[in-house]
Structures are given as C-alpha cells and as structure tokens.
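I have placed the structure first, in the form of structure tokens, so that the comments after it can refer back to it.
The values are calculated or read from the model by the stated rules, or taken from the named source; none is laboratory data. Owing to the predicted nature of the structure, the values given are computational and were not obtained by experimental measurement. Here Cβ is always computed from backbone atoms with ideal geometry, including for glycine, and neighbour counts include all displayed protein chains.
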Amino acid sequence: MAFRELFNSQTVDAADMNANFQFIRAGSTLPRDGTLLTTTDSALDLGGTSVRWDTVHGNVFDLDASITTANRDLWVLVDEVVLSVGSLKIDFTGLNGDDLETMMVLANGPMDDTGGTLHITFNNDTATTSYGNQLLQASNVTPGAARDVTVTGFPIYNQGNKAASRTVIYTKTGNERTGLTFSLTNSSGTTAAIIQMRASLWNNTASTITSLALVTGVTNATISAGTNVQLWGRK
C-alpha cells in the first residue's frame, strides 16, 4: 500500500484513491512534511506556539517526553521508590528546583517501622539550624500544637503504625523553601489515630535544589521495607 500523489489535470483510478484512504486510516500519514505524507520520526510538530489546535480528544496519550502547561497546572511523576529492604535514606538526585518550582512528595509507610520521624532534606543539608516547623494535630480526640526550630528537615510523619503523607514544597531559588504537609499516622483498620498538618521551611535561599532525600530522625534507624515514596513536579 502506498500513498498516491495527485497532479493538475491528472486522472486516477478509484482503486488508487481507496489505497490513499487506507494509508490514512493506518496512521502512516503523520507527521506531515510539507506537501508530502511521510513517516519521519520525532522531527515535526503538530501546531505551533502561535498557531494552536483547540481541543484534542483521545483515550490514551503515549508520550516519550514530558508535558508542559502554560500555567504549570500539571503534576508529572519525576521518580518513585519502593523499598524492598530497609534503607537509611531514600535519595532523589539530578533535580532542578527552578525548573519544577513546586514539588510534591507522597509517602506511604507500612505497619512495622519504629525509626522515629521521617524527614525531607534538601541538598544533603541536615543541620538543625536550617529548618523550622509548626505543627497542628488531632491525636485521637485531643487537639495539639507545637513549634520546633531544631529539626533536621521537613517532618512528614512519625514511623510506627501505618502512615501516609502529602507534602507540597515551593522550590524556586531566591526564596525560603516552604512546605505544607498533611499526614495520617498510627492508623490501623478503621482507626485514623493521628492527623497532622505541618508547615515547614528551609532557610537556604541561594542554593538551587538539586537533590531531595528522606531520612529518619533517629541515628542509624532504617526506613522500613515496603515504604513507597513518589516525587512529583509541576510542569
């Protein structure tokens, strides 16, 4: 099957035209190169920055690259780690906080951890003089609040029984890096024992964030096997 080009004042057999439609139906006509239909790969654009399509309807978009939106309203998965064995640290490297501007860390811990509080650190900075934290919580039926200026990162949840957290972080250089964490800890069955909201900040305004890590608040304590952490960014 081949695509048949038409020229001025030329007649063509109907069977050849049918082949054209079959060629189009097979998806071999895109990308389009000038006036010819070719099967070039990764060379041509659909629309442009000043000439755009309106609404694209589809079921599945299979992409080899990332998606960028004009208003940075789209979260994309940067990396995911699922621990098969215990680890002292979960590292995400090769980042650019100025490119992503906003990061989100989703963490989910199993039932058997006893390694203290899990923290997010930036650029391997674990100095207690670098971070601050404000906590609001409901522990069973008791409300509470606390402030800590000697933490070693952004606390996200206390390891122990089942725990999960969502942390959104502003990462652009030139600003204090602030984060908001919502977490559930010490949950089991249908009991959600402790709900926490934390506001955290990193006082380094000059360094571009190039790495993010999760560490425990207890020396040499491991993050347990089965912990799942996803890093997302806005593009």
Has the stretch 184-199 got any residue that is surrounded by fewer than 21 Cβ atoms within 10 Å (Cβ to Cβ), farther than 23 Å from residue 141 by Cβ and of a type in the set (S, T, N, Q)?
no
Could you count how many residues in the stretch 45-83 are touching a residue at least 60 places away in the same chain (Cβ under 8 Å), under 19 Å from residue 235 (Cβ atoms) and either of a type outside the set (D, E, K, R) or part of a loop (DSSP other than H, G, I, E, B) (or both)?
11
Go through the residues of the stretch 162-176 one by one and say whether even a single one is at pLDDT below 90 and at positive phi.
no
Identify, from the list 219, 208, 173, the residue that is without any contact (Cβ under 8 Å) to a residue 12 or more places away in the chain and not in a strand (DSSP E or B).
219
Among the candidates 161, 123, 140, single out the residue that is in the same structural domain as residue 208 (by TED's automatic domain parsing), more than 14 Å from residue 224 (Cα to Cα) and surrounded by 16 or more Cβ atoms within 10 Å (Cβ to Cβ).
123
If you take the residues of the stretch 165-183 that are surrounded by 17 or more Cβ atoms within 10 Å (Cβ to Cβ) and among the small types (Gly, Ala, Ser), which of them is farthest from the chain's Cα centre (by Cα)?
183
Hey, among the residues in the stretch 177-188 that are modelled with pLDDT of 95 or more and polar (S, T, N, Q), which one's nearest to residue 99 (Cα to Cα)?
178
How many residues does the stretch 66-93 hold that are exposed (fewer than 12 other Cβ atoms within 10 Å of the Cβ) and within 14 Å of the chain's Cα centre (by Cα)?
5
Among (1) over 21 Å from residue 80 (Cβ atoms); (2) touching a His at 6+ places or on another chain (Cβ under 8 Å), which single condition is residue 198 missing?
(2)
May I ask you to list the residues in the stretch 189-222 that are at pLDDT 90 or above and not polar (S, T, N, Q)?
195, 197, 198, 199, 201, 202, 206, 209, 212, 213, 214, 215
Quick one: what pairs do we get from the stretch 123-137, first residue over 22 Å from residue 98 (Cβ atoms), second of a type in the set (Asp, Glu) and part of a strand (DSSP E or B), C-beta under 7 Å, 6+ apart or different chains?
133/148
Checked the stretch 84-103 for anything part of a strand (DSSP E or B) and either farther than 20 Å from residue 122 by Cα or charged (D, E, K, R) (or both); matches are 89, 91
Looking at (1) closer than 25 Å to residue 72 by Cα; (2) surrounded by 17 or more Cβ atoms within 10 Å (Cβ to Cβ), which is the only condition residue 222 fails?
(1)
